[in-house]
Amino acid sequence: MSGRILIVDDVATNRIVMKVKLAAARYEVVPAASGPEALEIAAGGGIDIIIMDMMMPGMTGADTCRRLRADPDTATIPVILVTASDDMEARMDGLSAGADDFLSKPVDEIALLARVRSLLRTREAERDYEARGGALLEMAAPPAAPCGFAEAAGQASFSAKPSPVEGRIAMIGGNDATWLPVQRDRLRPLFREAVSIVDRDGALAMTAEMAPDLFLIDADLGGRNDGLRLMSELRSRGATRHAAFIMLLPPGDSERAATALDLGAADVGYHPFPTDEIAMRIRTQLARKKRADRMRDTLDTGLKLAVIDPLTGLHNRRFGLGHLDRVATRCRAQGIRAGVVLMDIDHFKRVNDTYGHPVGDLVLSKVAKVLQESLRAEDLVARIGGEEFLAILPDSDLAQVRVVAERLRAAVQSLRIPVGEGELSVTLSLGVAMMEECEDAASRAMETVDRALYSAKDDGRNRVRLAAAS
């Protein structure tokens, strides 16, 4: 996995040692000797991860991290802080500044590379989101509550008693895990939603509505590595795959920490863990998960916008014609039949000219609703032009399709649309055709049904006409 890593340390020897370790794993390394230099390089873009010494003269690693998190252009860059000190206050300062992890010197190479791989996966997800236009989609979406990493990084240290954070947390430990109820009770005041203890079976039985935002799992439940196996199971299930996971390990177990991170854990902790530190790590992962959820929802919305007509809520022309191709392929493969109905609102230009475009839009949305409600769940109706609609009816013969077309015509004719103090009614002209068993069945169906529609219009409108047999 490629990546461009910024190494920040005021001691040249430390930068060289770290560069050798990372270059051996085929990472590109960029050195910096101070916090201000790191900020300048990061602002220039192209940095995937920052590994930074905590104790630097002038601007410490924690201070630099706070500056990074405060800048929208650098707020999402993962940061690992490194220190020779085991001082808990220093660790909390770094984590509260928004650091993703805190490693002690001498840095364990296995743990370092595993953490780098894990953070690069997160960074690549951010880059993929940006490449797919996520930022533009967010600008078009309704305002949402902040969900970036800067939000979590801006929190004060736990000694300042920050306000509780939203997020459901499930704790899973072995049968003899006496720490579970103690830590649960300590964590509960720090989070707005439930902090609960569940067992393995309860976690696996969770539905999407029940699933927590984060699992805190002991690596060894009933036996060694049971927790790692449980995490893999949970990550493979639809209800829990998007949860964050923090794996708890015996002190110094860097090899299994690397395994946990490679299996998908967002973070690792070591027994016995201070409540303040684990709570800070949970806060960081909840903020990261919230951001991931937001990205996923934004892209889902973007995909829907690409195939949905915003005025009527029906599928648009691109999706409708693509669906027609898929149905044609299915008909050839399975030997089934499908009908196509092309519809046009009669004299629609007259509606716009007489009543105005807002009323015309209302007519389109009302007609679309009637069409959709008059079809089966397996049928599809799309708006493929200004006032033109296409219905695709799989597993239907000509007699059935004709009956459906007449029902659609009658339903629209009986529709009454309020306009000022009066009412407006419209009618449909409809053409009907059947899919043929040929390679170009979809395009041929559109040609024949289009001729049938024009025949309906030529014969006086507000009627159904069948395509002439070829």
Q: Using label points projected 7 Å from each Cα along Cα→Cβ, tell me how many nm separate Arg451 and Leu204, to one decimal.
A: 6.2 nm
Q.
Taking the 0 to 90 degree range and rounding to the nearest ten, how far is the long axis of helix 226-235 tilted relative to the main principal axis of the chain, both from C-alpha atoms?
A. 30 degrees
(Q) Relative to 2.2 N^0.38 Å, what does the C-alpha radius of gyration of the chain come to as a ratio? Two decimals please. (A) 1.33
Q) For the chain, what does -39500 (n - 2.57) per DSSP helix run (n ≥ 4), summed and divided by total residues, give at 222 nm, in deg cm²/dmol to the nearest 500? A) -15000 deg cm²/dmol
Q) Highest mean first, what order results for 295-302, 414-421, 257-264 on Cβ atoms within 10 Å? A) 257-264, 295-302, 414-421
**Q.** Helix 12-24 vs. the chain, principal-axis angle (Cα, 0 to 90°, nearest 10)
**A.** 50 degrees
Q.
Taking a ≥ b ≥ c as the square roots of the Cα gyration tensor eigenvalues, with a/c under 1.5 meaning rounded and otherwise prolate when a/b beats b/c, else oblate, which class fits region 202-286?
A. oblate
Q: Determine, for each peptide in 209-221, 401-413, the mean count of other beta carbons within 10 angstrom over its residues, then list the peptides with the highest first.
A: 209-221, 401-413
Q. Within region 1-131, what percent of beta bridges assigned by DSSP are antiparallel, to the nearest 5?
A. 0 percent
Q) Can you give the % of DSSP beta bridges in the chain that are antiparallel, to the nearest 5? A) 35 percent
Q: Multiply the residue separation of Asp395 and Gln372 by 0.36 nm, subtract the distance between their alpha-carbon atoms, and state the gained length in nm to one decimal.
A: 6.5 nm
(Q) Could you check the spin-label model distance between Leu299 and Gln334? Points 7 Å from the Cα along Cα→Cβ, value in nm. (A) 3.0 nm
**Q.** Length-normalised contact order of the chain in % [C-alpha pairs under 8 Å, at least 6 apart]
**A.** 10 percent
Q) How do 2-12, 18-28, 74-84 rank on mean C-beta neighbours within 10 Å, highest first? A) 74-84, 2-12, 18-28
Q) On a 0 to 90 degree scale, rounded to 10, what angle separates helix 275-307 from the longest Cα axis of the chain? A) 20 degrees
Q.
Tell me the relative contact order for region 176-327 as a rounded percent, counting alpha carbon contacts under 8 Å between residues six or more apart.
A. 17 percent
Q. Spin-label point model (7 Å from Cα, Cβ direction): what's the Arg235 to Ser443 distance in nm?
A. 4.6 nm
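Each value in this text was obtained by applying a stated rule to the coordinates, not by laboratory testing. Quantities reported herein were computed from a predicted structural model and do not represent experimental measurements. Heads up, the Cβs are rebuilt from the backbone with ideal geometry, glycines too, and the neighbour counts pull from every protein chain shown.
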